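The values are calculated or read from the model by the stated rules, or taken from the named source; none is laboratory data. This one's a predicted model, so the numbers in the text were calculated from it and none came from an experiment. Note: ideal-geometry Cβ built from the backbone for every residue, glycine included; neighbour counts use all protein chains shown. Side chains are part of the model used for accessible areas, which takes the heavy atoms of the whole protein and leaves out ligands, DNA and RNA. Shrake-Rupley method; radii C 1.70, N 1.55, O 1.52, S 1.80 Å.
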Amino acid sequence: MLQDARGVAVLTGSGISAESGVPTFRDAQTGLWSRYEPQELATPEAFARDPRLVWEWYAWRRELAKQAAPNPGHKALAALEARVPGVVLITQNVDGLHQRAGSQNVTELHGNIMRSKCSVEDIVAESREGDTGVPPSCPNCGAFLRPDVVWFGEALPVRAFEVALEAARGCDLFLSVGTSGLVQPAASLALDALRNGAVIAEVNPNETPLSRYAEYLLQGRAGEVLPALMEAAFERDPGGHGG
Ligand code: OAD
């Protein structure tokens, strides 16, 4: 299918970064939401109540992401994009690891933890040098800066979701990688693809609500399954399909 697909939409979640040491959200024991309360850290109300706590939690996660390196799963998807025309990589991750692995065309549905934005003006902004505030202030208006990520109760970036929806509706293969498929509207993209005739393939060591719709269940870790998939599709084919 990878060899012949005209359009491939790939949706990734935190599972693809797990092997890079970035924690997932819902895995028992290791997931962030098993240790922290989303309502206290990842909502506009939480930020209004305790901006310092929220800023510091994201600063910790930003450091984890900075220290992490892309793994073979991220790299295989970058290679896929270079190999197959019409690949659209949609991610719920905010860690920037796809771009660091070499993916050029990444649609970020939940923002990026490396960027900040003004909590009032909603524009991307960085603090002035020497601003030691926690959180620092917007250089434009003086309000608190906040991470440029989507919190519970907030809408997704409009353009990013449009691109994602178009890719899902137009693809013939939808690859869901390392996501529990529990957070909307990202989770609905696979069903949009399915309704429009696409085949679903899922890469995940565990079952998800999407599994029963998937024609191919590649049960395993993204860092192992994706390189194997690339190899099977493009490197073991003397017949010439893709070379
Ligand atoms: P979850 O923590 O909900 O799901 C992670 C998925 O990755 C699970 O299905 C795991 O089985 C799977 N997984 C774990 N290790 C893996 C590996 N090595 N390879 C492949 N899969 C693996 O994370 P997300 O689905 O990303 O939203 O969560 C979606 C959204 O919920 C996040 O973007 C975040 C969170 O609240 C916001 O912050 C808005």
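Can you tell me which residue among T107, T43, T30 is of a type in the set (V, I, T) and either more than 13 Å from the ligand (Cβ to nearest atom) or under 15 Å from the mean Cα position of the chain (by Cα) (or both)? Spell out how you get there, then give the answer.
Values: T43 fails: either more than 13 Å from the ligand (Cβ to nearest atom) or under 15 Å from the mean Cα position of the chain (by Cα) (or both); T30 fails: either more than 13 Å from the ligand (Cβ to nearest atom) or under 15 Å from the mean Cα position of the chain (by Cα) (or both).
Of T107, T43, T30, the one residue that is of a type in the set (V, I, T) and either more than 13 Å from the ligand (Cβ to nearest atom) or under 15 Å from the mean Cα position of the chain (by Cα) (or both) is T107.
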If the requirement is being closer than 28 Å to Y58 by Cβ and surrounded by fewer than 18 Cβ atoms within 10 Å (Cβ to Cβ), which of these qualifies: V150, V158? V158
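Considering only region 30-39, I want to know if a residue exists there that is in a helix (DSSP H, G or I) and open to solvent by 70 Å² or more (accessible area, probe 1.4 Å).
To start, the set of residues in region 30-39 that are in a helix (DSSP H, G or I) comprises 32-35, 38-39.
Checking the rest, the ones that are also open to solvent by 70 Å² or more (accessible area, probe 1.4 Å) come to 35, 39.
Scanning region 30-39 turns up at least one residue that is in a helix (DSSP H, G or I) and open to solvent by 70 Å² or more (accessible area, probe 1.4 Å).
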Only one of (1) surrounded by 20 or more Cβ atoms within 10 Å (Cβ to Cβ); (2) within 11 Å of the ligand (Cβ to nearest atom); (3) farther than 20 Å from T91 by Cα fails for S20. Which number is that? (3)
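So which residues in region 203-217 are open to solvent by 50 Å² or more (accessible area, probe 1.4 Å) and within 13 Å of V177 (Cβ to Cβ)? Let's see the steps before the verdict.
Initial filter on region 203-217 (open to solvent by 50 Å² or more (accessible area, probe 1.4 Å)): 205-207, 209, 212-213, 215-217.
Passing the criteria: P205, N206, Y216, L217.
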Among the residues of region 54-73, are any crowded, with 20+ Cβ neighbours inside 10 Å, outside any helix (DSSP H, G or I) and more than 10 Å from the ligand (Cβ to nearest atom)? yes
Picking from D50, D4, the residue that is without any contact (Cβ under 8 Å) to a residue 12 or more places away in the chain, over 23 Å from L97 (Cα atoms), among the charged types (D, E, K, R) and open to solvent by 30 Å² or more (accessible area, probe 1.4 Å) would be D50
Return a yes/no flag: does region 167-182 have any residue that is away from the ligand (no atom under 16 Å from the Cβ), over 21 Å from G73 (Cβ atoms) and open to solvent by 40 Å² or more (accessible area, probe 1.4 Å). yes
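Quick check on my filter: what residues within region 193-202 are farther than 13 Å from S180 by Cβ and within 15 Å of the ligand (Cβ to nearest atom)?
Of all residues in region 193-202, those farther than 13 Å from S180 by Cβ come to 193-201.
I200, A201 - these are the residues of region 193-202 that are farther than 13 Å from S180 by Cβ and within 15 Å of the ligand (Cβ to nearest atom).
Taking region 146-159 as the search range and keeping residues that are without any contact (Cβ under 8 Å) to a residue 60 or more places away in the chain and out of contact with any Gly (no Cβ under 8 Å at 6 or more places or on another chain), which one is nearest to L109 (Cα to Cα)? Can you show your working first?
Within region 146-159, the subset without any contact (Cβ under 8 Å) to a residue 60 or more places away in the chain is 148, 150, 155-159.
This time we only want the ones that are out of contact with any Gly (no Cβ under 8 Å at 6 or more places or on another chain), so: 155-156, 158-159.
Working: A155: 10, L156: 6, V158: 9, R159: 9 Å.
Looking at residues that are without any contact (Cβ under 8 Å) to a residue 60 or more places away in the chain and out of contact with any Gly (no Cβ under 8 Å at 6 or more places or on another chain), I get L156.
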